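Have a look at the structure below before the remarks.
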Amino acid sequence: MYKTKLCLGLGGFGPSPEEQIKLFKKIGWDGFFSGWNKDLKTYRVLADELEMIYQSVHAPFGNAAKMWKDDADAEMAKNELLACVRDTAEVKVPIVIVHPYIGFGKNEGPTACGIENFKAVVDEARSLGVKIAFENVEGEEFLLALMEAFKDDPTVGFCWDSGHELCYNRGKDMLALYGDRLIATHLNDNLGVSRFDGETFWTDDLHLLPFDGIHDWGCVAKRLNNCGFNDILTFELGKSSKPKRHDNDKYSAMSPEIYLSEAYARACRLAYLKNGMD
């Protein structure tokens, strides 16, 4: 029987990242992704020893808005992404996940110099055999500009964050826009936009376990199939509640083993739906 590969992002689950990787393996996860940090080589060695998939490296995103400028801050932000791409290639991880923007409220919109800054990153990734997956976050116009600018470049693909779609994108079908270029997923659930005025904020991005929020996961499975996506299902989950929220509190009482086992069961449930066995 065909088994969909299931990966999970390293996070605040309790143990050290190295212990998390070992625990993932014990529970049944096929692999993981990490953020960009000094320990990528350690993760690579451990992944090889445990015969696990090191699915992607998430690039830093705190300076994403600076990429759209033409100044020293933009150069710093670009160099940061270039370093991340080079480190990712060195440890033979195939994908770098990149946020096109960060920030809520009014902005000046995409710029030509921003596209050029990202082009330097894409060109470096291409030369090193790494793919760039731009993720749907706040500021959809920046994602649109990048996906259009690199529409014919096989180095560039799309990372679909199912939770961001519900809150930051207000439920817009992002797979309908970019599903033909889908190369990575960040699967998670939430409760949509909480404010009555419709404004989005980062605390709505709950990273609940699938089936604990408002996503229709049967529909998610069909949408992924409609995109022809048969690659790794990767999950990005959070055990702790956001500030002044209590949505994840029920997870806090779980041990890392129980929480990650429950997460794996939910991941298997989605894979079951996707493979048409419901």
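Taken about its Cα centre, the chain carries a charge dipole of roughly 660 debye when the Cβ of each Lys and Arg holds +1 and the Cβ of each Asp and Glu holds -1. Using a Förster distance of 45 angstrom, determine the FRET efficiency expected from the C-beta separation of residue 112 and residue 253, and round it to 0.05. It comes to 0.30. Here the chain exposes an accessible surface that is 53 percent carbon and sulfur, computed with a 1.4 Å probe and the other protein chains kept in place.
Normalised by the number of residues in the stretch 62-180, the average gap of Cα pairs under 8 Å and 6 or more apart makes the relative contact order 25 percent. Applying both filters, DSSP loop and at most 10 other Cβ atoms within 10 Å, to the trypsin sites (Lys or Arg not before Pro) of the stretch 1-94 gives 3, 38. May I ask for the distance between the Cα centers of the stretch 208-225 and the stretch 135-189, given as a whole number of Å? Taking the Cα centre of the stretch 135-189 as reference, the centre of the stretch 208-225 is 16 Å away.
Among the GluC sites (Glu not before Pro) found in the stretch 49-82, those both in a DSSP coil and sparsely packed, with 10 or fewer other Cβ atoms within 10 Å of their Cβ, are 51.
Surface analysis of the stretch 8-48 yields an accessible area of 43 Å² per residue, using protein heavy atoms and a 1.4 Å probe. Of the whole protein surface, residue 164 contributes about 10 Å² of accessible area at a 1.4 Å probe radius.
Annotation for the stretch 216-278: trypsin sites (Lys or Arg not before Pro) lying in DSSP loop with at most 11 further Cβ atoms inside 10 Å of their Cβ are 244.
Here is how the number arises for the chain: DSSP H runs of 4 or more residues each give -39500 (n - 2.57), the sum is divided by the residue count, and the result at 222 nm is -12500 deg cm²/dmol.
The values are calculated or read from the model by the stated rules, or taken from the named source; none is laboratory data. Computed from a prediction, not measured in an experiment: that's the story for all the values here. Here Cβ is always computed from backbone atoms with ideal geometry, including for glycine, and neighbour counts include all displayed protein chains. For accessibility, only protein heavy atoms count, side chains too; no ligands or nucleic acids. Shrake-Rupley method; radii C 1.70, N 1.55, O 1.52, S 1.80 Å.
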